[in-house]
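As structure tokens, the structure follows; a few thoughts come after it.
The values are calculated or read from the model by the stated rules, or taken from the named source; none is laboratory data. These figures come from a predicted structure and were not determined experimentally. Positions of Cβ are generated from backbone atoms using ideal geometry, with glycine treated the same way; all protein chains shown enter the neighbour counts.
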Amino acid sequence: MLFANFCDYAKHHYKYSATKVTGSEGATLLGLTAGMQKTVDCASLADAYILLANSALQLRVRCQRVTVGSHAVKWATKAGSKCFDSSVVGNIRTQSGRYETVARCVFAEHYFVEIAGNYYDPCLLTTYNSQNEVQSWMLNDGHGDYLNKLFRIASDPSHLLIRIPNTTNPKPNGFSWGFLLVETKDLDSAVYKKAFRIDKPMYKRFTHSVNGFLKSAHLAPWPEAI
């Protein structure tokens, strides 16, 4: 009941930002009156829930913030992920331009709360049985010119993610960066080999460069001819 009430409170008083906002931490997020709103990141939201839980449980059980991931490796949440901020529908879009079609969030790090072995994620309005359950797609980064631009989905070799240059607007709500989901079979095989240093099985068609994909989706290309 406490978690459900906090999630409902978040829906009415917070807007989401993947980037930390100074001044929106811990106790500053609690006790907001009707009509008041603050922009928060997942870490600050977790800290606010810990304060609330510690007060309600009177420190009878251990409450702590959990960090999943590291800045070295990106990953994505499961399909259909929902944020307390209903305007946030993920940051992976299709070539037709709809982020809500995929409804996954790419993170390097994400934060939620562990209470007595149970995991509560107020940012994504859900609970987990294990700490790493939030990670649905692990992403393998490209090499060289493709570093931090082209990503292979470890569990789904039929698809790739292309990072969209942040010169492209509109950006996905709540995030500084978006990603384009494309089919591996459409990427030029020489590009795939160069980016990931492995041979790709031969497909009937493999025509696009990374920038070719971006242009076909009416997105700004990277300055490099990749």
Considering every residue within the range 74-96, establish whether at least one is part of a helix (DSSP H, G or I), of a type in the set (Ser, Thr, Tyr) and either under 23 Å from Asn173 (Cβ atoms) or modelled with pLDDT under 90 (or both).
no
Set Leu125, Leu150, Leu161: member being at pLDDT 95 or above and on the phi > 0 side of the Ramachandran plot:
Leu125
Single residue of the range 27-53 satisfying the filter (surrounded by fewer than 13 Cβ atoms within 10 Å (Cβ to Cβ) and in contact (Cβ under 8 Å) with a residue 24 or more places away in the chain) that is nearest to the chain's Cα centre (by Cα)
Gln37
Name the pairs whose Cβ atoms lie under 6 Å apart, with the first residue in the range 57-68 and within 17 Å of Cys123 (Cα to Cα), the second aliphatic (A, V, I, L, M) and surrounded by 12 or more Cβ atoms within 10 Å (Cβ to Cβ), and 6 or more positions between them or separate chains?
Cys63/Ile50; Cys63/Ala53; Cys63/Ile115; Arg65/Ala46; Val68/Val134
One residue from Ala48, Ala18 being of a type in the set (Gly, Ala, Ser) and either assigned to a helix (DSSP H, G or I) or farther than 23 Å from Asn148 by Cβ (or both):
Ala48
Residue pairs qualifying under the 6 Å Cβ cut-off, at least six apart or on distinct chains, with the first in the range 155-184 being outside the structural domain of Tyr16 (by TED's automatic domain parsing) and more than 15 Å from Ile226 (Cβ to Cβ) and the second being surrounded by fewer than 15 Cβ atoms within 10 Å (Cβ to Cβ) and β-branched (Val, Ile, Thr), are Leu181/Thr94
Kindly indicate the residue of the range 173-209 that is part of a loop (DSSP other than H, G, I, E, B) and of a type in the set (Asp, Glu) and also modelled with the lowest pLDDT among those meeting that condition.
Asp199
